[in-house]
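See structure below.
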Amino acid sequence: MFNRRKFLHSSVLASTGWMMKDHLLITPKTLISNKPIVISTWDFGKAANAGAWEVLSKRGRALDAVEAGVKIPEADPTIHTIGYGGLPDRDGHVTLDACIMDEKSNCGSVMCLEHIVHPISVARMVMEKTPHIILVGEGALQFALANGFTRENLLTPESEKMWKDWLKTSNYQPVINIENKSSASINAVTMPGGPFNHDTIGMLALDSYGNMSGACTTSGLAYKMHGRVGDSPVIGAGLFVDNEVGSATSTGVGEEVIRIAGSHLVVEFMRQGSVPGEACKKAVERIVKRDPAKARTLQVGFLAMRNDGNYGAFCIQKGFTYAVRTGTEDKIYESESWF
Ligand code: SD4
């Protein structure tokens, strides 16, 4: 029997040039053009998406949406992995990493930035007001202060206490999916095993005009070496946007993501025809196959969106979640995992 829905579905796919393959394990959550839309990593992505949605639902730019969205967890002291209230490095400095990228491949990044609540806005200013892409450390701070940002103490009493507790053992070991534990339970979970708290918000948006942008911001691995920078502010590792194809972002142990230029790789797999979830899976596979024993001990998750609003995710270990906001849904999904 002629199935009209099936016919419409396949014509839409054919007209956008994207072919579905029967053997795919990962099904995109949506099959037709889906915009505006915003997706972001972890459960706290839901509140961040709400901030982005304020912009997108009024036909605003994806770039403005991702900045507004990630500023929400950046300012939240109860989130110990991003911005204000982020856990410090082993010397007690809260050092922040962030980057942003728009539909024209304009991008900006700050690395190891201290004392500024909204590193994402500094990254955007680097993109828009300088001939450069990356500013680091003291130079990034000077630039921020010269451009009206206020110097603040980002180490909250709660984070300071957690750091001081950690100093008693100074044990540096991964706890998988620590990011999904409540802040109150982090020390309980990580002591005495040693905390390796990590988590990032990566956000991808497609606006009503069909333009994509992305943002990624984090305080990085808790108790890292002073000066350590992960994947999050590295364009192509923690974030990549190509308006002709799609965008991707990552979370987890940044060193493993940098090794494979993870987000760029995911976008390139989409360019070759993989649907977003499959593209994320192939990037995870690169990490796992490189060192299978090590992969068992760590988490990396990728989140991707194609330029028609189809999205997907994949991670190494169970437990990676991501939040989706469209005109019809506001949900948190659990990613499929390698193990
Ligand atoms: C980093 N990728 O600094 C970040 C941390 C993170 O979930 O995303 N953790 O390596």
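The values are calculated or read from the model by the stated rules, or taken from the named source; none is laboratory data. Owing to the predicted nature of the structure, the values given are computational and were not obtained by experimental measurement. Note that each Cβ is placed from the backbone with ideal geometry, even for glycine, and that neighbours are counted across all protein chains shown. The accessibility values were calculated without ligands, DNA or RNA, using every heavy atom of the protein model including side chains. Shrake-Rupley method; radii C 1.70, N 1.55, O 1.52, S 1.80 Å.
Values for this structure:
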| quantity | calculated |
| --- | --- |
| Most to least packed among 151-158, 60-67 [average Cβ atoms within 10 Å] | 60-67, 151-158 |
| DSSP bridge pairs, the stretch 64-160: antiparallel proportion in percent, nearest 5 | 60 percent |
| Cα lying deepest toward the dipole's positive end in the stretch 34-337, options Gly312, Pro88, Leu145, charges on Cβ | Gly312 |
| Calculated from backbone phi, Karplus (6.51, -1.76, 1.60) coupling profile of the stretch 86-101 in Hz, x at Gly/Pro | x, 6, x, 6, 5, 8, x, 8, 8, 10, 10, 10, 7, 8, 9, 8 |
| Those aspartates and glutamates that a straight Cα-Cα span of less than 14 Å connects to Lys294, excepting residues fewer than 8 apart in one chain | Glu255, Glu256, Glu285 |
| The stretch 34-337, relative contact order in percent, only Cα pairs under 8 angstrom and at least six apart counted | 22 percent |
| DSSP bridge orientation in the stretch 34-337 - percent antiparallel, rounded to nearest 5 | 90 percent |
| Cleavage-rule hits, trypsin sites (Lys or Arg not before Pro), the stretch 282-311, DSSP coil, Cβ neighbours within 10 Å at most 16 | Arg296 |
| Within the accessible area of the stretch 34-337 (1.4 Å probe), percent carbon and sulfur | 52 percent |
| Largest to smallest accessible area among Tyr333, Tyr311 [probe 1.4 Å] | Tyr333, Tyr311 |
| Per residue, in Å², the accessible surface of the stretch 34-337 once ligands and nucleic acids are set aside, probe 1.4 Å | 35 Å² |
| Pairs from Lys282/Lys318; Lys71/Lys331; Lys46/Lys164; Lys104/Lys129; Lys35/Lys58 whose Cα-Cα separation, in the structure shown, is over 23 Å | Lys46/Lys164 |
| Computed over the stretch 30-169, Cα set: Rg, Dmax in Å | 16.2, 54 |
| Size of charge dipole - the stretch 34-337 - debye, nearest 20, with Cβ of Lys, Arg +1 and Asp, Glu -1, no other charges | 440 debye |
